[in-house]
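Please read the structure below before turning to the comments.
The values are calculated or read from the model by the stated rules, or taken from the named source; none is laboratory data. Being a predicted model, the structure only gives us computed values, none of them experimental. Here the Cβ positions follow ideal geometry from the backbone for every residue, glycine too, while neighbour counts run over all protein chains shown. Keep in mind that these areas ignore ligands, DNA and RNA; they rest on the heavy atoms of the full protein, side chains included. Shrake-Rupley method; radii C 1.70, N 1.55, O 1.52, S 1.80 Å.
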Amino acid sequence: MGSLTLKFEPFDAGYGELIATVVSDGFAGVGSAWIEHATLLAFADRLSEYPLKGAPPPSISGRHLSLAEEDPSLSFRVTPHGARGGICVWVELAAYARHPAPHMPDSKVRTGFVVTYTDLERFQRGLRRLVKGDAEEAVLTRQTAEVDTF
């Protein structure tokens, strides 16, 4: 079982801070990054593909503005999983120290969990509402037990 919860705090007309919380098989983490509204909406559009196309998979990655591009603090990737139509959600989050070395991670979590297309569709609608300001959070969690897990 796993879940990904996203919150979005708009900063201006083009950007906002995306805050992610992931819980999966005993692992948990929180991370955030500055993301453009358009990038989030494009990611949501990709999540509506059925079936998911393989290359490149729907993904999103971001960082804090003070970090170098090679230091993402948030990354998601969605790939097909198994013969029964499962979807694997891969999540990587990092919290970076501010003192004394700003580019050294304090903590990092990388995990994945399996969902269905129905779960993904529910999340996609929630993500669109989140970006528009019509929802406080978008949650992706497995609501059914019909797919294979790892």
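Among what's in the stretch 72-112 and is assigned to a loop (DSSP other than H, G, I, E, B) and crowded, with 17+ Cβ neighbours inside 10 Å, pick the residue that is modelled with the highest pLDDT. Spell out how you get there, then give the answer.
At the first step, the residues of the stretch 72-112 found to be assigned to a loop (DSSP other than H, G, I, E, B) are 72-73, 82-85, 97-104.
From what's left, crowded, with 17+ Cβ neighbours inside 10 Å: 72-73.
Numbers: 72: 74, 73: 84.
The extreme case among them is 73.
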(request) Considering only residues that are of a type in the set (D, E, K, R), touching a strand residue (DSSP E or B) at 6+ places or on another chain (Cβ under 8 Å) and modelled with pLDDT of 60 or more, look in the stretch 134-150 and name the one that is farthest from residue 9 (Cα to Cα). (result) 142
(request) Among residues belonging to the stretch 9-68 that are aromatic (Phe, Trp, Tyr) and surrounded by 14 or more Cβ atoms within 10 Å (Cβ to Cβ), point out the one that is farthest from residue 139 (Cα to Cα). (result) 15
(request) State which residue pairs qualify: first residue among the acidic types (Asp, Glu) and inside the stretch 128-150, second residue open to solvent by less than 70 Å² (accessible area, probe 1.4 Å) and modelled with pLDDT under 95 in any location, beta carbons under 6 Å apart, and separation of 6 or more residues or different chains. (result) 148/82; 148/86
(message) Give all pairs with beta carbons closer than 8 Å in which a residue from the stretch 42-60 that is part of a helix (DSSP H, G or I) meets a residue that is open to solvent by 30 Å² or more (accessible area, probe 1.4 Å) and at pLDDT 90 or above; count only pairs at least 6 apart in sequence or on separate chains.
(response) 43/59; 44/128; 47/121
